[in-house]
Amino acid sequence: MAAGDQQAVHRPGTFKQQNKAHKTGRHRGRGAQDRENKGRVPVKVLSKKLKRNVSKLDRRHKANQIRRQRKDAVLTEKRNLGSKDGPPHLVVVVPLHASVVMGSLLNLVQSNEGDILHEDDAKSGKFALVCPKMKQRWRFVQANTGDLHSVLDLAKVADTLLFVLDPQEGWDSYGDYCLSCLFAQGLPTFVLAVQGMSEIPIKKRNDTKKQLSKVTEKRFPDAKLFHLDTAQEASLLLRQISTQKQRHLAFRDRRCYMLAHRADFQPSDESGLVGTLKVSGYIRGQGLNVNRLIHIVGHGDFQMSQIDAPPDPYPLNPRVLKTRKGEDVEMAEEPGNCAEMEEDVKVLMKADPSVQESLQSEVVPDPMEGEQTWPTEEELKEAEDSLKVKVQRKVPKGTSTYQAAWILDEEESDGEGDSEDDDMDEDQEDAMDEALSEEEEGSAEEPDEESETVTIPDSTRDDKYDENLDEAEEEQMLEKYKLQRQDEMFPDEVDTPRDQLARIRFQKFRGLKSFRTSPWDPKENLPRDYARIFQFHDFFRTRKRIFRELEEEENESAMVGWYVTVHITGVPVSVLEHYRQGAPLVLYSLVPHEQKMSVVNMLVRRHAGNNEPVQAKEEIIFHCGFRRFRAAPLYSQHTSADKHKSERFLRSDAAVVVTAYAPITFPTASVLMFKQRSNGMHDLIATGSLLSVDPDRIVIKRVVLSGHPLKILKKTAVVRYMFFNREDVLWFKPVELRTKWGRRGHIKEPLGTHGHMKCHFDGQLKSQDTVLMNLYKRVYPKWTYDPYVPPPVTWVKSEVQIDLAEVEME
């Protein structure tokens, strides 16, 4: 074809008109919407509340309503306490000085005109006052300050504590000790009173008042001091007690509690050792449900069978009995003596066995629970095939195949030895550590006999002082001081034993790349005691749910302020004997699950008035909330990590977490730790609060092995004295090394047969540096829980105090 027949192609120029694309608008197809959403699904329910624009006037009205509701709640609580609708105002009188005379003080309180006096026991100082004019009623109980348990138990249920001071000194050493315990447990509403100020000469009275105010300002900075010398001052004190604002204790606001007014025992068998205890008293705090468990402070947990409603022994408006002529009027003050009153006793509620909580506190472990099922045919066939594999061994000449099967190789015998050593208890390890420390102390040089002696003047006072000195106890305490001082100077350092292989001595320990980030399974190699305890999936969520359910079922229980008689079953007769000896009988209702055992963690801080060394796994007396028990706890650091390093001693410079097996208690609850002396006195050593109930909290014991550099090159060094044989060096070769000056390294190879090893570090070592190896092991508390705590002897301040800084290390 000719060239002219080819069609020319049009190419647009630079001035080509560009038309806009068509606008599809918001009408996109489903495919385009899916591509834009990329799998996101639209919200079906609003996840956040819409913020409404509230005007300034509405916000002001809402704030006024909230303020008015809070004010009404405080006024209602104040009006109910001591009125006809609430329980009598419980006032516990606590003398803080040995010279305080309680008889004249109580007589002044009783001498108010128009008040009706109900005297329970004149000797024990228990009486009730009913004032129809003020529409108030009070119950006064005098605390036996010689018994610390009685003071603390009465403070758990008291509405007001009346502290009686001495006009000259205020309080003595024992009174200050009681105040320390009460502040740590939780102090309810209190009033300070002083008696005997009128007996002081007028010229010295102002100086005495100033001196007393200086003493009280240390403990009670804003408290007012009331004088109790006349009946008018006593009436002012009563008015202050009834009108002041009440302070709340967290551990008793969510539970029902009661102070026994009367108690009776009905044996259930011929022996008469166990029976039903009938306790009468006023319900306080929350309502009482008969299907819940009840805790008698100091005696344990029990079940209730029924709740009765006897007549009120302290009525605000007593019944008036008129004669036929209508002239004589009699007031029935003692309802227990009237037959008509006894007929008024009615049963409020009885326990339902299908709903009632059980007293089971521990899980009964099944030893066959972890066993394997019967093997399948394939597994049996594999086992037979493995037996057919011939293992060649060097045996003596003439040995049969049966005899050769019993001969163990060196590797097998070593493995069996390791398994036997794995079963060694932690107590044996601790005893071995103590024995090594004693050997170090025993190897110290004895002082020269020709050294200078300091002459001390003889005196009769020194001779009498030595009569009460226990030399064995002094030696034991000095050894503890030295161990604590050694642990502070060289934390967790342990000498490698020379008579035992290190890989056997520390076979339960492991090395960690990083203590903070390295994983540790909380369910790994748990002890058998963990099969006996209970655990929550989420402890704090369970606590929130249980308290919400208790608020909903409040209508099904006996109300606050009722005077009831509780029938408690399975109670030993010793409880009644203890009550008749003058000790208070305090009852607390238990929240669901609080009778069960678990691992309890408490956050405590050392008490300033005690500096004696307290070692881990040493028996301690605990006051946790309303419970009292003995246990041998572990101490660990309080950190936010998932692993916590254990402490060998209760530290005095930081907060420490105490771990022990104990019944479950829902926080908030105060914690007091006491240590019993050899003479029976209880010393307050630490105070704090309940942290959590968590068996998965990992407490790690650290052991530090130390070595010294023999030859130092640029980045390598020859280290000795960490191990004493070649096998141990090879066994611990994967574990990382560190030094006290911050270098890090690892073992390259052993040198010789005496434990020398070549190590590589990230920098050159100093000649005075020390090479360390950290080994870790998880530790568990001992099952030493004991609910029985012996009553303490009256506390006396110990004059012998050893300063830890003065203890010389040999």
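The values are calculated or read from the model by the stated rules, or taken from the named source; none is laboratory data. The structure presented is a predicted model; accordingly, all values stated were derived computationally and were not measured. Cβ atoms come from the backbone with ideal geometry, glycine included; neighbour counts cover every protein chain shown. Protein only, heavy atoms only, side chains kept; ligands, DNA and RNA dropped before computing areas. Shrake-Rupley method; radii C 1.70, N 1.55, O 1.52, S 1.80 Å.
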Q. In the range 203-252, how many residues are closer than 30 Å to T665 by Cα and not small (G, A, S)?
A. 8
Q) What strands (runs of 3 or more DSSP E) lie completely within the range 243-311 and have 1 or more residues being open to solvent by 30 Å² or more (accessible area, probe 1.4 Å) and touching a residue at least 60 places away in the same chain (Cβ under 8 Å)? A) 262-267, 274-282, 300-309
Q: For the range 232-240, state whether one or more residues are surrounded by fewer than 18 Cβ atoms within 10 Å (Cβ to Cβ) and basic (K, R).
A: yes
(Q) So, in the range 544-574, how many residues would count as being of a type in the set (K, R) and either surrounded by 16 or more Cβ atoms within 10 Å (Cβ to Cβ) or touching a Cys at 6+ places or on another chain (Cβ under 8 Å) (or both)? (A) 0
Q: Select from the range 634-685 the residues that are closer than 15 Å to P781 by Cα and in contact with a helix residue (DSSP H, G or I) (Cβ under 8 Å, 6 or more places away or on another chain) and list them in ascending order.
A: R648, F649, Y661
(Q) If I ask for residues that are assigned to a loop (DSSP other than H, G, I, E, B), surrounded by fewer than 20 Cβ atoms within 10 Å (Cβ to Cβ) and hydrophobic (A, V, I, L, M, F, W, C), which ones from the range 164-197 would you list? (A) L187
Q. Tally time: how many residues in the range 575-598 are within 23 Å of W138 (Cβ to Cβ) and surrounded by 15 or more Cβ atoms within 10 Å (Cβ to Cβ)?
A. 7
Q | Of all residues making up the range 668-691, the number that are surrounded by 18 or more Cβ atoms within 10 Å (Cβ to Cβ) and in a strand (DSSP E or B) | A | 16
Q. Given the structure, is T665 at pLDDT below 95, outside any strand (DSSP E or B) and open to solvent by 40 Å² or more (accessible area, probe 1.4 Å)?
A. no
Q: From the list V566, V575, V571, pick out the single residue that is over 30 Å from P527 (Cα atoms), part of a helix (DSSP H, G or I) and out of contact with any Pro (no Cβ under 8 Å at 6 or more places or on another chain).
A: V575
Q | Test: residue in the range 764-771 that is open to solvent by less than 60 Å² (accessible area, probe 1.4 Å), touching a Lys or Arg at 6+ places or on another chain (Cβ under 7 Å), in contact (Cβ under 8 Å) with a residue 12 or more places away in the chain and under 27 Å from E524 (Cα atoms) | A | no
Q) Given the residues R532, R498, which is the only one that is of a type in the set (K, R) and either modelled with pLDDT of 90 or more or touching a strand residue (DSSP E or B) at 6+ places or on another chain (Cβ under 6 Å) (or both)? A) R532
Q: Return a yes/no flag: does the range 673-686 have any residue that is under 20 Å from K523 (Cα atoms) and at pLDDT 90 or above.
A: no
Q. Cβ-Cβ below 6 Å, separation at least six or inter-chain, first residue in the range 527-552 and of a type in the set (D, E), second surrounded by 10 or more Cβ atoms within 10 Å (Cβ to Cβ): which pairs?
A. D529/W783
Q. Just wondering, is there one or more residues in the range 131-147 that are in contact with a Leu (Cβ under 9 Å, 6 or more places away or on another chain), farther than 29 Å from P792 by Cβ and free of Cβ contacts under 8 Å to residues at least 24 places away in the same chain?
A. no
Q: Tally the residues that are more than 36 Å from the chain's Cα centre (by Cα), part of a loop (DSSP other than H, G, I, E, B) and at pLDDT 85 or above, restricting the search to the range 335-391.
A: 0
Q | Test result for G707, in contact with a strand residue (DSSP E or B) (Cβ under 7 Å, 6 or more places away or on another chain), crowded, with 16+ Cβ neighbours inside 10 Å and at positive phi | A | no
Q.
Among (1) within 30 Å of Y174 (Cα to Cα); (2) crowded, with 22+ Cβ neighbours inside 10 Å; (3) more than 17 Å from the chain's Cα centre (by Cα), there is one condition V658 misses while meeting the rest; what is its number?
A. (3)
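Report yes if K733 is part of a loop (DSSP other than H, G, I, E, B) and free of Cβ contacts under 8 Å to residues at least 40 places away in the same chain, otherwise no.
Yes, satisfied.
If you take just the strands (runs of 3 or more DSSP E) that sit entirely in the range 52-163, which of them hold at least 3 residues that are open to solvent by less than 60 Å² (accessible area, probe 1.4 Å), modelled with pLDDT of 85 or more and not aromatic (F, W, Y)? So that I can check it myself, show each step before the final result.
Numbers: elements: 89-95, 116-121, 126-131, 136-142.
Here the list reads 89-95, 136-142.
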Q: Give the residue, chosen from D34, D5, that is at pLDDT below 80 and not polar (S, T, N, Q).
A: D5
**Q.** Selected residue (criterion: nearest to V793 (Cα to Cα)) from residues of the range 163-193 that are within 21 Å of the chain's Cα centre (by Cα) and of a type in the set (S, T, N, Q)
**A.** S180
(Q) If I filter the range 786-801 for residues that are open to solvent by 30 Å² or more (accessible area, probe 1.4 Å), over 15 Å from W741 (Cα atoms), under 26 Å from the mean Cα position of the chain (by Cα) and of a type in the set (S, T, Y), do I get at least one hit? (A) yes
Q. Out of (1) of a type outside the set (A, V, I, L, M); (2) within 29 Å of the chain's Cα centre (by Cα); (3) part of a loop (DSSP other than H, G, I, E, B), the odd one out for R541 is which?
A. (3)
Q: Return the total of residues in the range 747-759 being touching a strand residue (DSSP E or B) at 6+ places or on another chain (Cβ under 6 Å) and loosely packed, with under 15 Cβ neighbours inside 10 Å.
A: 2
Q. Looking at R498, R505, R541, which one is farther than 20 Å from T639 by Cα and open to solvent by less than 70 Å² (accessible area, probe 1.4 Å)?
A. R505
